[in-house]
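A.B. asks: Mind looking over this structure? Questions follow.
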């Protein structure tokens, strides 16, 4: 299922190196692939395209931004670059850098002149030279797509540029949607950070359509790890039959929503019937060895002393200052044999580092490639699973007896699974971990047996609504490595009674005086709050917090949010105001409440 | 008759008019009221399009009342044209000539589903629902394109 990067040795129809500070023009046929490679790293390459049969039709970055709703097209549903006639000229198929510019002109003589470098070569002039033989009139500045050019547009409207994110060998792979005349540059800019003050060469290769390169984005699990392309999970082939709306998440293609269903339909299927969710992008690690317990007892927030075989516990991995490295679940598989299921590949390195520092004998094995997982969630999940699951006899338990945060092994029509009574939806539900080889078969079995119970697939957009309603955290929203569990709303997962716990002294202080507290908000209007919106004291000019996640809650029939507020404003029932538009013009009153307006007592998940 | 309303309070207005079932409608999905008087299509979080029975002359008043004090606009869109066809005759033809906007799928389009599409570059909304006993596809297009779309579909 892993997708390989295009090897530099793969024979191409055409292979050209653009010397530093120059540009070339070349033709491409519809369906062919154009690979633009940053050979040494941190080198920008501006790109133009024209319809070969009518050179007045050209790539238009403003049309492209508008039609995609994105600053730069992204591999997937919104990956096409459009012409001034709204027709797709190229589509990005693979991208190993992920940071490009579509706002600024290819560099111009005027830019260099005004910076004190009259006569300096520019991409625009180089394009003029390269395109002259095709009868294209010169321009003072070309509106180009500037690959590997690192620009950002800030809230105050400034467009700023910095050193390129691209590394040696990074590339963009485009597919021509019609016959094209293209131009590519190796940008000559050596007077600012754009090319790291050192212009280098760019390589362009053309491949035949028959290669059928898969769509993928590079993912680097750690800063120095080699790039890995977006992969399918064991269930993606089944999912692709039901939707074309897939997005990259944590290195995997995951569905946003499903054709002929939609967010609300999937959401209500979860709350009233049952849904299947592919959560294979979670990362799994087996932690074994003489000191496996010691390591987890130290690094993980929960007290694992009483965690027996078949039990699991939700908590978080912490760093030295009490920040959350990741949240996840520890499964006890046996004496000094644990499994951690979380979000980040870096977890392994962090745990290994801690083990090394303490001279603990522990083996941490990354097993995500060997174990993909489906969540079967909703009030009918148990009855569906009961039709097909046989729990292994040694557990001496039936599915209905499998309690919250308990797990067992078993088979579903002879497919070995680990079934865990956990989820991320606030509903009764199970997670099924399976060898990827059985993924498609497991999906088929569950959808067949679930049909009469109204089982549907569910995508990430509906899941987002459900998890906010259930007060469940999302990395990058409610927590990061600067946020402690006491600020993120999961202080209850921290066992300060443990003898050994990383950052224990800091956590003791944070528990007493957290700088902020996570709460739930219910808004008094139909305006839907978003991440980062300000929260104000009632009638006051100053902020008391910020929205971390917001949605319209179908269950509450109101917009709701998770927010992090100053503790003085976090008491349930407190009235605050959420700032809309520019944060000031419209203030919507909101009431502080529990993080989980949906089933706050967690009766459904325990039921 | 088609009516549109849209705004921050669009869902609240829809619920006031048609009750709780509306809140379960996904975007680009629809429902028909049990009395078959209204077909309700949700176009966005707070945007709705309503088909009313021809004889319902009171709907404009009901709509105006429901919208009072709410942050919504409502209108009969004079620029919007509509064509209706029995599903069994028109869907095979549409599958040949209409291009749905990705990620929408026209193949096996179920009842109470709609999607944006184009026929030879001309924009349409294609909406399948059961209306007073008939499984139909209603096509919404710019009024100015009505004849052109009709010609494409080879139905006068």
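Values in this text are rule-based calculations from the coordinates and carry no lab data. Worth saying up front: this structure is predicted, and the values here are computed from it rather than measured. For neighbour counting, all protein chains shown are included, and Cβ atoms are generated from backbone atoms with ideal geometry for every residue, glycine included.
A.B. asks: In bins 10 Å wide, starting from 0, what share of all Cα pairs of the stretch B:7-108 does each bin hold, as a percent?
C.D. replies: 13, 40, 33, 13, 1
A.B. asks: Once you order the gyration tensor axes a ≥ b ≥ c over the Cα atoms, which shape class does the stretch A:383-453 get: rounded for a/c under 1.5, otherwise prolate or oblate by comparing a/b with b/c?
C.D. replies: Values: a/c = 1.44, a/b = 1.16, b/c = 1.24.
Judged from the Cα gyration tensor, the stretch A:383-453 comes out rounded (a/c under 1.5).
A.B. asks: Given an 8 Å cut-off on Cα distances and at least 6 residues of separation, report the relative contact order of chain A as a percent.
C.D. replies: Across chain A, relative contact order equals 12 percent.
A.B. asks: By how many degrees, between 0 and 90 and to the nearest 10, does the Cα long axis of helix B:87-97 differ from the longest principal axis of chain B?
C.D. replies: The angle comes out near 60 degrees.
A.B. asks: Out of all Cα-Cα pairs in chain A, roughly what percent, to the nearest whole number, are more than 35 Å apart?
C.D. replies: Values: 89307 of 183921 pairs.
I get 49 percent for the Cα pairs in chain A exceeding 35 Å.
A.B. asks: Calculate how steeply helix A:439-450 sits against the longest principal axis of the alpha-carbon atoms of chain A, using the helix alpha-carbon long axis, and give the answer as 0 to 90 degrees to the nearest 10.
C.D. replies: 60
A.B. asks: Take every Cα-Cα distance within the stretch A:359-482, group them into 5 Å bins from 0 onward, and report for each bin the whole-number percent of pairs it holds.
C.D. replies: 2, 10, 18, 20, 20, 15, 9, 5, 2, 0, 0
A.B. asks: Note the direction-averaged projected area, equal to a quarter of the hull surface, for the Cα convex hull of the stretch B:46-90, in nm². Working shown, then result.
C.D. replies: On the way: hull surface 18.6 nm².
The number I arrive at for the stretch B:46-90 is 4.7 nm².
A.B. asks: Can you give the average number of partner chain beta-carbon atoms within 10 Å of each beta-carbon in peptide A:524-530, as a whole number? Kindly include the intermediate steps, with their values, before the conclusion.
C.D. replies: Numbers: counts 0, 4, 12, 3, 3, 0, 0.
Taking the mean over all residues of the peptide, I get 3.
A.B. asks: Relative contact order, percent, of the stretch A:451-607 when contacts are C-alpha pairs under 8 Å separated by at least 6 residues?
C.D. replies: Values: 292 pairs, mean separation 40.0, N = 157.
That works out to 25 percent.
A.B. asks: Also: Can you tell me which of B:129, B:38, B:79 moves the most in a GNM of chain B? Springs connect C-alpha atoms under 10 Å apart.
C.D. replies: It is B:79.
A.B. asks: Right, another one. For A:431, A:365, which order do you get if you count the other beta carbons within 10 Å of each Cβ and list the fewest first?
C.D. replies: Numbers: A:431 24, A:365 12.
Placing the least packed residue first, the sequence is A:365, A:431.
A.B. asks: Enter the mean number of other protein chain beta carbons within 10 Å of the beta carbon of each residue in B:19-26, as an integer.
C.D. replies: Working: counts 0, 1, 0, 0, 6, 8, 4, 12.
Whole-number average of other-chain Cβ neighbours for B:19-26 is 4.
A.B. asks: Find the Rg to Rh ratio for the stretch A:1-149, where Rh is the Kirkwood radius over alpha-carbon pairs and Rg uses the same atoms. Intermediate values should be presented prior to the final figure.
C.D. replies: Numbers: Rg = 15.8 Å, Rh = 16.5 Å.
My calculation of the ratio gives 0.95.
A.B. asks: Find the centroid of the Cα atoms in the stretch B:67-106 and in the stretch A:338-384, then give the distance between the two in whole Å.
C.D. replies: 47
A.B. asks: Restricting attention to the alpha-carbon atoms of the stretch A:304-409, what are Rg (one decimal) and Dmax (integer), both in Å?
C.D. replies: 16.1, 49
A.B. asks: Cα centroids of the stretch A:167-210 and the stretch A:52-95: how far apart, whole angstrom?
C.D. replies: Cα centres, the stretch A:167-210 to the stretch A:52-95: 16 Å.
A.B. asks: With a 10 Å Cβ neighbour count serving as the proxy for reagent exposure, in which order, fewest first, do B:85, A:300 appear? Walk me through the intermediate numbers first.
C.D. replies: On the way: B:85 18, A:300 30.
Starting with the residue having the fewest Cβ neighbours, the order is B:85, A:300.
A.B. asks: Oh, and also: When only C-alpha pairs under 8 Å and at least 6 residues apart count, what is the relative contact order of the stretch A:1-149, in percent? It would help to have the intermediate numbers written out before the result.
C.D. replies: Numbers: 213 pairs, mean separation 37.9, N = 149.
In percent, rounded to a whole number, it is 25.
A.B. asks: Top mean-square fluctuation among B:112, B:135, B:35, Gaussian network model of chain B, C-alpha springs under 10 Å?
C.D. replies: B:35
A.B. asks: For the stretch A:486-607, what mean projected area does the convex hull of the alpha carbons give, in nm²? Mind dumping the intermediate values first?
C.D. replies: Details: hull surface 35.2 nm².
Averaging across all directions leaves 8.8 nm² for the Cα convex hull.
A.B. asks: Residue by residue through B:104-111, how many Cβ atoms from other chains fall within 10 Å of the Cβ on average?
C.D. replies: On the way: counts 4, 6, 1, 2, 2, 2, 3, 1.
Going residue by residue through B:104-111 and averaging, the value is 3.
A.B. asks: With angles folded into 0 to 90 degrees, how steeply does helix A:263-272 sit against the dominant principal axis of chain A? Use alpha carbons for both and round to 10.
C.D. replies: Value to nearest ten degrees: 10.
A.B. asks: Among A:557, A:286, rank each residue by its count of other Cβ atoms within 10 Å, from fewest to most, as a rough exposure measure.
C.D. replies: Values: A:557 14, A:286 18.
With the sparsest Cβ surroundings first, the list reads A:557, A:286.
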